[in-house]
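Everything on this sheet refers to the single structure shown next.
Bear in mind that the values in this text are calculations on the coordinates, not laboratory data. This structure is a prediction, so every number in the text was calculated from the model and none was measured. Note: ideal-geometry Cβ built from the backbone for every residue, glycine included; neighbour counts use all protein chains shown.
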Ligand code: FES
C-alpha cells in the first residue's frame, strides 16, 4: 500500500536563524579585517593571510564561548530558548570556522618547509616552561579534533527515532514516548490520517497532555482543559500558552520523530498518512 506524506523541511525559524548566524559571521570577518588594516600600519602592517588567520581564530573562540553560555542562559531566561534549540547549528558553524583557521595556519606556517605540514606542527620549537613560548599549535590540532567530535555529537543530538506502533493510535488520541533526554512527547492522531507531536507537558500545571484527547480540533489537557493547536502547540486566542513541538516524517513503514524539540509554539508540517484512513480506530474520543 502506498503512503502519502508531507516531508519535514527546514522551518522558517531555522532558516532565519542560519541566515542571521552566517550574516553575523561575514560581518565579523569584514569588521575584523577593516580594523586590522586601520590599526596595523607602516612596519606593523599585516599581510591578508595573517589577518584572516586571526579573524577566523578569534571568531571560533567567541562562538565556542557563546555555545557554552547558551545552556545556562536558557535556564535563566526563556528568551534564549530559540538559541538553545538551534545550538547544534552554531556548533557545526563554529567547527567550520575553526577548520578554516587551521587550514590557513597549516598553509601559511607549515607548507613551505622540508617537513610534512602535520609533522611540522608537532616539531615546531616551543616549551611549556615559558608561558610566552608554549607550543600552542599541537594543542590546537587536538582542540580541532575535539571540536569536530562535539559538532558531530551535537548534530546527532537531534536524531530521528522510530515512534513504534503508530497504527494503534486511536483517532483524536495520543501515544506518549520518552526520548533520550528524558522529555516525554505526545504524538496525536486527528482527522483520522494526521499525526502531530508536541511536548507532553501542559503549561498550566504540567498535566500529561498525551493522556488527553482532541476536542474541536484542539489538544485538550486531561487535568483542567487547557487546549493547544496540533499544528503549532499554541493555545487559541485569547489564550497565550505554548508548548514545544516536534517534527515527524515517514520512512518506509515507520513514523520517525526528531528528538530535537522545536521552540514552544513553533509551527511545522504535520504528518499526513493516507494509510491511516484505512486503519481501524482503536479509540474514538
Ligand atoms: S495541567 Fe493542563 S490544564 Fe491544568
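Distance between the C-alpha centres of region 179-200 and region 29-67: 47 Å, rounded to the whole angstrom. Sorted ascending by nearby beta carbons within 10 Å, beginning with the fewest, 15, 175 become 15, 175. Between residue 205 and residue 142, what is the label-to-label distance in nm when each label sits 7 Å out along the Cα-to-Cβ direction? Inter-label distance under the simple model: 5.4 nm. Footprinting exposure proxy ranking of 259, 240, fewest other C-beta atoms within 10 angstrom first, gives 240, 259.
Using 0.36 nm per residue and subtracting the Cα-Cα separation, the extra length available between residue 20 and residue 192 on full extension is 58.0 nm. Judged by the ratio a/c of the largest to the smallest principal axis of the C-alpha gyration tensor, region 161-278 counts as prolate, that ratio being 1.5 or greater while a/b is larger than b/c.
Can you put 162, 253 in order, fewest other beta carbons within 10 Å first? Can you show the working numbers first?
Values: 162 14, 253 11.
Lowest to highest Cβ neighbour count: 253, 162.
Label positions at residue 45 and residue 99, each projected 7 Å from the Cα along the C-beta direction, are separated by 3.4 nm.
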